[in-house]
1. Quick check: anything in the range 114-124 farther than 22 Å from residue 84 by Cα, within 13 Å of the chain's Cα centre (by Cα) and not charged (D, E, K, R)?
2. Give all pairs with beta carbons closer than 6 Å in which a residue from the range 65-84 that is touching a residue at least 60 places away in the same chain (Cβ under 8 Å) meets a residue that is among the acidic types (Asp, Glu); count only pairs at least 6 apart in sequence or on separate chains.
3. From the set of residues in the range 132-154 that are assigned to a loop (DSSP other than H, G, I, E, B) and touching a Phe, Trp or Tyr at 6+ places or on another chain (Cβ under 7 Å), which is farthest from residue 44 (Cα to Cα)?
4. Go through (1) closer than 30 Å to residue 113 by Cβ; (2) touching a Ser or Thr at 6+ places or on another chain (Cβ under 9 Å); (3) at pLDDT below 95; (4) not hydroxyl-bearing (Ser, Thr, Tyr) and name the single condition residue 70 misses.
5. Can you pull out the residues in the range 96-106 that are under 16 Å from residue 59 (Cα atoms) and either at pLDDT below 95 or assigned to a loop (DSSP other than H, G, I, E, B) (or both)?
6. Filter the range 43-81 down to the residues that are in a loop (DSSP other than H, G, I, E, B) and charged (D, E, K, R), then identify the one that is nearest to residue 159 (Cα to Cα).
7. Only one of 45, 95, 100 is without any contact (Cβ under 8 Å) to a residue 24 or more places away in the chain, of a type in the set (S, T, N, Q) and closer than 23 Å to residue 143 by Cα; which?
8. In the range 48-81, what residues are in contact with a Phe, Trp or Tyr (Cβ under 9 Å, 6 or more places away or on another chain) and polar (S, T, N, Q)?
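The values are calculated or read from the model by the stated rules, or taken from the named source; none is laboratory data. Predicted, not measured: the structure shown is a model, and the values here were computed from it. Reconstructed Cβ throughout: ideal geometry from the backbone, glycine too, with neighbour counts over all protein chains shown.
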Amino acid sequence: MLKVPGQQKTNRRKHHAGFSLIELLIVVTIIGIIASIAIPNLLASRRAANEGSAQQSMRTIASCEITYLHTKGSGTSYADLPTLGTQTLTDANLSTGTKSGYTFVITPVAGNPPQFWAYAIPTVTSGFSATGTRRFALSEDGVLRVDTTLAAPADEAAVHLMPPSGQ
């Protein structure tokens, strides 16, 4: 084949821009590794935030019960959670009984002196979607108690058997 001056070779490969399959697989693998590290930490942070919210909600319940006892309860009775909500002593979320991945229950006990006990347990207790790893409880003594048993306490005596928070 004779080369004619001024004539260019036309069968050259055209350059295609982009990533090769190997490069894409490496990027996907790196993203998977980062996700496997980050997701458990994110879930642990969410559980810790839920538990912090539950502790504060239990403190709020204690304050609301004291306020109710000395105002609407006339010094003779405590109230359940819906009643505290009706009296606008708690926020709308807490008065429903479920807030930030926890279920809240208050049991007022009639008598002289009046008593109450309240607890909070996680709504989901196992697996990746667990909303908490501890339960919280208190009674009219106002001491926040905590342990890792994820069942509702049977009565006020069971609440008093739980260790105080911070010990």
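1. Filtering the range 114-124 down to residues farther than 22 Å from residue 84 by Cα leaves 124.
Checking which are within 13 Å of the chain's Cα centre (by Cα) leaves us with 124.
Subset that is not charged (D, E, K, R): 124.
Among the residues of the range 114-124, at least one is farther than 22 Å from residue 84 by Cα, within 13 Å of the chain's Cα centre (by Cα) and not charged (D, E, K, R), which makes the answer yes.
2. Correct list of pairs: 78/65.
3. 140
4. For residue 70, the exception is condition (2).
5. 97, 100
6. Keep residues of the range 43-81 that are in a loop (DSSP other than H, G, I, E, B), which gives 71-80.
If we keep only those that are charged (D, E, K, R) as well, we get 72, 80.
Values: 72: 26, 80: 17 Å.
Result: 80.
7. Numbers: 45 fails: closer than 23 Å to residue 143 by Cα; 100 fails: without any contact (Cβ under 8 Å) to a residue 24 or more places away in the chain.
Unique residue meeting the criteria: 95.
8. 50, 53, 55, 57, 77
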